[in-house]
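Here the structure is laid out as structure tokens; the discussion comes afterwards.
Since every read-out is calculated from the coordinates, none of them should be taken as a lab result. Since the model is a prediction, treat every value here as computed from it, not as a measurement. Heads up, the Cβs are rebuilt from the backbone with ideal geometry, glycines too, and the neighbour counts pull from every protein chain shown.
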Amino acid sequence: MIVVRQKPVDEICAFVTRHRRVLLVGCNTCAAVALAGGEKEVDLMAELLRLATSRKASFVEFSGTVLTRQCEPEFLEQLDSEGYDAILSMACGAGVALLASSVDVPVYPALDTLFIGAAQGLASWEAECSACGQCVLGRTAGICPITRCAKGILNGPCGGMSDGRCELGDRDCAWVLIFQRLEKFGRSEEFLEIAEPKDHSLRTRLVTWDAHEDGIR
Amino acid sequence: MSLREALESGRFAVTSEVGPPKGTDVSQMLDTAEKLRGHVDALNVTDNQAAVMRLCTLAACVHLAQKGHEPVLQVTCRDRNRLSIQSDLLGAASFGITNVLALTGDHVIMGDHPQAKAVFDLESVQLLEVVGALNNGTDMAGNDLSGTPEFFVGAVVTPDAHPIEPQLAKFEKKVRAGANYFQTQAVYDSESFLGFMETARSFDAKVLAGIVVLRSAGMARFMNKNIPGITVPDAIIAELASAQDPVAVGIEIAVRFINDVRDSCDGVHIMAVGAEHLVPRVLDAAGLWEVPS
């Protein structure tokens, strides 16, 4: 899923205090699961903003609604934003962008989009994928070095690894984990294959993808 | 005799290193180099060492070469993409600088510009292959070069890494990617280093043992705690702790290590880490002061 986090209220206040009637729009898919943009969070954010803006003696009205997904036009069609002079989107960057392109009032982000990640426990996620456009997990035993190695390097641990930890001190060394898992599968030999430099032009050119053009229905 | 000639002829090689200044005044760097003139085969020039921004390595190498020193251009992959790395390498070769040490580089987060975008378009193994391609007259894209460099390229290895297996696998990749020689992270346990040398010999790899002179027990503890891949054994820390003159004892420790391993490796790389004046003392005490010409 796309992992998101709410921006500080002060940062959001700076967007909305210029307006009179603001509609908060949640997103019931990733952002809801990430406890940042579901129904509950929309209500809570509206309350917080009422409190914060009233302290600043500005008079902004806040209402809230939640869409199934903000990154799909068919769900955006259900949005009634009549009478609002701004929208605060509580979705990932893709949701904010699509919503902004479909209405005639300013759309502001209430969240920061962090990464593509997987749940590690209750309300905790780990980055697992950098959307590089050429998945390498087949040769790295399912552990992404582009995402989980701080340097995103492709040929094994750097000299900064210490006791299996990254030199940044905040994570395990992805390449030690990859080595150990390949070894467990009896595939240590694969570790010795030199990975060529990544072709970044593929990612650069991936701005759209049309499944029909690939013959997929 | 160049570093390449020393290593290829099998003579015990001695290298050290200098760090470019933060600023434009290269006098101190040149003074350090001057003190080592005639006593080392080559001087490594660090590349924004520890991700701290400094005068560029290539310019520092040119300054040294103009004074008749033999520099080793350290190249990290942290700050430059593949275009920039290749063009810097060609620039170095155009000045006759042909010794290159291929490194991945410390992360920008570790340095004095932690907000910077880290590049790592390549890493050390791929960089070795790039140097090999340039030596063969083509760039990474396969385009022909007009004027072909003749780089002598080294790489680094951490014999005391824990766990060691992935590090040794990467070492093997570096050998296959064309590393002409290796210099190691600082090593202190000669027995463990000799064990590593058996592995290195099985790949026919030339190895310079990395030496950092310990100046106090506190420095040893600090390195154990903060520098990845360095393990100073407890016995050595105790020796320093009880010493009247810890610097003299630190030099003795370095000399003892060099004597223990000199028949099993191809040379030493002495890293001064802020105490350049100690390098001649170590070389002198180890009987390495006179480099045969």
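Descriptive notes on the structure:
- Working note: Cα atoms of segment A:130-205, range along each principal axis, descending, whole Å: 39, 30, 17.
- Cα-centred dipole magnitude for chain A, charges only on beta-carbon of K, R (+1) and D, E (-1), debye, nearest 20: 480
- Entries of B:K22/B:K67; A:K151/B:K206; B:K117/B:K173 with Cα pairs more than 22 Å apart: A:K151/B:K206; B:K117/B:K173
- All distinct Cα pairs of the protein assembly as shown go into the 1/r average, and the inverse of that average, the Kirkwood radius, is 26.1 Å.
- Gyration tensor over the Cα atoms of chain B: the corresponding equivalent ellipsoid has semi-axes (square roots of 5 times the eigenvalues, largest first) of 29, 21, 20 Å.
- Across segment A:103-135, the residues whose backbone nitrogen lies under 15 Å from the label position 7 Å along the beta-carbon direction of A:A14 are A:108-112.
- Residues in segment B:42-86 that a label on A:D170 would reach, taking backbone N under 20 Å of a point 7 Å out along Cα→Cβ: B:50-52, B:78-79
- Comparing B:A141, B:A93, B:A217 in a Gaussian network model of chain B (Cα springs below 10 Å), the most mobile by mean-square fluctuation is B:A141.
- Whole-percent pair-distance distribution, where bins are 10 Å wide, for the alpha carbons of segment B:242-290: 25, 56, 18, 1
- Report summary: the helix-based calculation at 222 nm, which adds -39500 (n - 2.57) for every DSSP H run with n ≥ 4 and divides by the residues of chain B, gives -12000 deg cm²/dmol.
- In a fully extended conformation the segment linking A:T204 and A:A123 would gain 25.9 nm over its present Cα-Cα distance, using 0.36 nm per residue.
- Dipole magnitude of chain B, debye to nearest 20 (Cβ charges: Lys/Arg +1, Asp/Glu -1, about Cα centre): 440
- Where the alpha-carbon atoms of segment A:41-143 are placed on the principal axes, they occupy 57, 30, 19 Å, in descending order.
- Most positive-pole-ward Cα, A:A91, A:S101, A:A131, against dipole of segment A:82-217 from beta carbon charges: A:A131
- Rounded to 5, percent antiparallel among DSSP beta bridges of segment A:2-115: 20
- Every pair of different Cα atoms in chain A enters the Kirkwood calculation, which places the hydrodynamic radius at 19.9 Å.
- With each label modelled as a point 7 angstrom along the Cα→C-beta vector, the A:E193-B:Q66 pair spans 4.9 nm.
- Paramagnetic label reach from B:R11 (point 7 Å along Cα→Cβ; backbone nitrogen cut-off under 13 Å): within segment B:32-74, residues B:38-42.
- Dividing the convex hull volume of the alpha carbon atoms of segment B:3-157 by its residue count gives 112 Å³ per residue.
- Distance between the modelled labels on A:A211 and B:Q115, one decimal in nanometres: 4.2 nm (7 Å Cα→Cβ projection).
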